[in-house]
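Asker: Take this structure first; my questions come after.
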Amino acid sequence: MRSLVLALVLTTTTLQASQPPAAPDWTTLDAETLAHFQAIVRMDTTDPPGGEKPVADYLVGVLRKEGIEVQTFELEPGRTNVVARLKGTGAKKPLLLMAHTDTVNVDAKKWSYPPFSAERNSGYIYGRGTIDDKDNVVASLMTMVMLKRRNVPLTRDVIFLAEAGEEGTTRVGINFMVERHYGAIDAEYCLAEGGSVTRTGGQVKFASVQTLEKIPRALSVTARGPAGHGSVPLENNAVARLGEAVGAIATWTPPIRLNETTASYFKRLAGISSPEEAARYRDILSPDPNVSGPADRYFRKNEPRHWSTLRTSLSPTIIQGGYRVNVIPSEATATIDVRTTPDEDPAKFLELVRQVVNDENVTVEWAARDVRPGTGNANLSSDAFRAIEANLTRHYQAVTLPTMSTGATDMAYLRAKGMQCYGVGPATDTEDGPLGFGAHSDQERILESELYRFVHFLWDTVNDIAAR
Ligand SMILES: [Zn+2]
């Protein structure tokens, strides 16, 4: 009897191994994606205050039902992080799929459909978090569920992290996980938010994969001078001096600093742009300032994000000084939002800013800020990047542009640990942002068909990176 059972088992195993796995039944799976997506969009996890636990509990329920190993971690009650793991052979280091479960706040009056309704209309699904970041949560969840159900043999562990606190305080989310539970999420590669596929007029234009980000810092600029009566103008008026210093900083053009990501970005962008645009994207790569200069000045005026991508940037954001109309104050301070390129030396940069200000009555210092760790470029020739690029071509017929975010993401904490992180995301229409439907906008929505396409893309990408 035992030998008969063994023989049957062997036969079944051999049969399974010799047959290619059936293609996923996407009609059924898309319906499942929709059900999970609507369920978690309907849970209010606006941050502050956060309160990600209901979504975390939901994810734990789905994962456990599939028989997937899952753990939760909380620094504070209700701020739950979920970690699930599917085991591979261990031949390669793990792949981490990360997404955040909190969202930014809402002003309910501004919504045509209630912000937590997950209402479907004319091909869209409406709700806070639909493109930031519950789309990534559900795509990663579906990938885990499908890997488990299909019993996909893995060369590396695939880890799922649904993290709290991304929009409010990373202290309870990624910072806590990296400092206290890094063993639970340690991986070679990470896929998370930060990328997108850009559509214009319903046509896919290109895909962005975030491979690098700038580092947020703050400068404090303080002017000092004699206090006095407002009726007697003083040459060293601190408010006036500060105004000049801020003006000098705001009109300064810091030197261009290209890196692997940004150089590759402009080169590839030139390949898919109009001749006029392409000329500027090529010119900006020239080491000759006579060639790059006109393009740079054009970006400053017309493409400010590109201008920022090229260098460390400075934006004056806060001015404080004075308390009544007839008193010249002895001190006035401005705060500058600085986004350094990852290779910038902060001490040397500070000296440059001081030279720009060039006023002995004005001090310039780095100020305290929640500085995310400095990061290196994610490798553009890794297995993971190649898999992402191949699947963007396959699913979107799009050219992949590696991008450096001007803003910061939670991937910075992982990159600081040496993890290779790639930001990916679903397709959105460029027309949707100005209409007020973008991430962090008055309203938020996702194209339902693009949610499904993103799940299909992620599924194939994860298989290419982790399946045997
Ligand atoms: Zn986000």
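The values are calculated or read from the model by the stated rules, or taken from the named source; none is laboratory data. Since we're looking at a predicted model, the values are computed, not measured. Cβ placement follows ideal geometry from the backbone for every residue including glycine, while neighbour counts extend to all protein chains displayed. The accessibility values were calculated without ligands, DNA or RNA, using every heavy atom of the protein model including side chains. Shrake-Rupley method; radii C 1.70, N 1.55, O 1.52, S 1.80 Å.
Asker: Of all the residues that make up the range 328-365, how many are part of a strand (DSSP E or B), open to solvent by less than 40 Å² (accessible area, probe 1.4 Å) and of a type outside the set (Asp, Glu)?
Answerer: 10
Asker: On to the next question. Out of the range 160-204, which residues are hydroxyl-bearing (Ser, Thr, Tyr) and within 16 Å of the ligand (Cβ to nearest atom)?
Answerer: Scanning the range 160-204 gives Thr169, Thr170, Ser196.
Asker: State all residues of the range 319-341 that are out of contact with any strand residue (DSSP E or B) (no Cβ under 6 Å at 6 or more places or on another chain) and under 25 Å from Leu258 (Cα atoms); if no residue qualifies, say none.
Answerer: Listed by number, the list holds a single entry, Thr341.
Asker: Shifting gears a bit: Glu303: acidic (Asp, Glu) and either surrounded by 15 or more Cβ atoms within 10 Å (Cβ to Cβ) or in contact with a strand residue (DSSP E or B) (Cβ under 6 Å, 6 or more places away or on another chain) (or both), yes or no? Write out each step before concluding.
Answerer: Working: acidic (Asp, Glu): yes; either surrounded by 15 or more Cβ atoms within 10 Å (Cβ to Cβ) or in contact with a strand residue (DSSP E or B) (Cβ under 6 Å, 6 or more places away or on another chain) (or both): yes.
In short, yes.
Asker: Can you tell me which of Glu163, Glu167 is closer than 24 Å to Ser382 by Cβ and under 20 Å from the mean Cα position of the chain (by Cα)?
Answerer: Of Glu163, Glu167, the one residue that is closer than 24 Å to Ser382 by Cβ and under 20 Å from the mean Cα position of the chain (by Cα) is Glu163.
Asker: Among (1) within 16 Å of the ligand (Cβ to nearest atom); (2) closer than 28 Å to Pro114 by Cβ, there is one condition Ala427 misses while meeting the rest; what is its number?
Answerer: Failed condition: (1).
Asker: Right, next: Report whether or not Val82 is surrounded by 23 or more Cβ atoms within 10 Å (Cβ to Cβ), in the same structural domain as Leu59 (by TED's automatic domain parsing), outside any loop (DSSP other than H, G, I, E, B) and within 15 Å of the ligand (Cβ to nearest atom). So that I can check it myself, show each step before the final result.
Answerer: Numbers: surrounded by 23 or more Cβ atoms within 10 Å (Cβ to Cβ): yes; in the same structural domain as Leu59 (by TED's automatic domain parsing): yes; outside any loop (DSSP other than H, G, I, E, B): yes; within 15 Å of the ligand (Cβ to nearest atom): no.
In short, no.
Asker: When the residues of the range 116-159 are filtered to those that are at positive phi and either surrounded by 22 or more Cβ atoms within 10 Å (Cβ to Cβ) or in a helix (DSSP H, G or I) (or both), which remaining residue is farthest from the ligand (Cβ to nearest atom)?
Answerer: Only one residue fits best here, namely Ala118.
Asker: In addition: Regarding the range 101-109, can at least one residue be identified that is within 16 Å of the ligand (Cβ to nearest atom), part of a strand (DSSP E or B) and touching a residue at least 24 places away in the same chain (Cβ under 8 Å)?
Answerer: Yes: one or more hits.
Asker: Out of all the residues in the range 232-253, which are open to solvent by 70 Å² or more (accessible area, probe 1.4 Å) and more than 39 Å from the chain's Cα centre (by Cα)?
Answerer: Val232, Pro233, Glu235 - these are the residues of the range 232-253 that are open to solvent by 70 Å² or more (accessible area, probe 1.4 Å) and more than 39 Å from the chain's Cα centre (by Cα).
Asker: Which count do you get for residues in the range 173-196 that are surrounded by fewer than 24 Cβ atoms within 10 Å (Cβ to Cβ), in a helix (DSSP H, G or I) and either touching a strand residue (DSSP E or B) at 6+ places or on another chain (Cβ under 6 Å) or among the small types (Gly, Ala, Ser) (or both)?
Answerer: The qualifying residues number 2.
Asker: Consider Thr46 carefully, then state whether it is in contact (Cβ under 8 Å) with a residue 24 or more places away in the chain and of a type in the set (Ser, Thr, Tyr).
Answerer: yes
Asker: Related question: Looking only at the range 306-327, which residues are in contact (Cβ under 8 Å) with a residue 24 or more places away in the chain and either open to solvent by 30 Å² or more (accessible area, probe 1.4 Å) or over 24 Å from the mean Cα position of the chain (by Cα) (or both)?
Answerer: Ser315, Pro316, Ile319, Gly321, Gly322, Val325, Asn326, Val327
Asker: Does Arg268 count as closer than 24 Å to Pro346 by Cβ, out of contact with any helix residue (DSSP H, G or I) (no Cβ under 7 Å at 6 or more places or on another chain) and surrounded by fewer than 18 Cβ atoms within 10 Å (Cβ to Cβ)?
Answerer: No: the conditions fail for Arg268.
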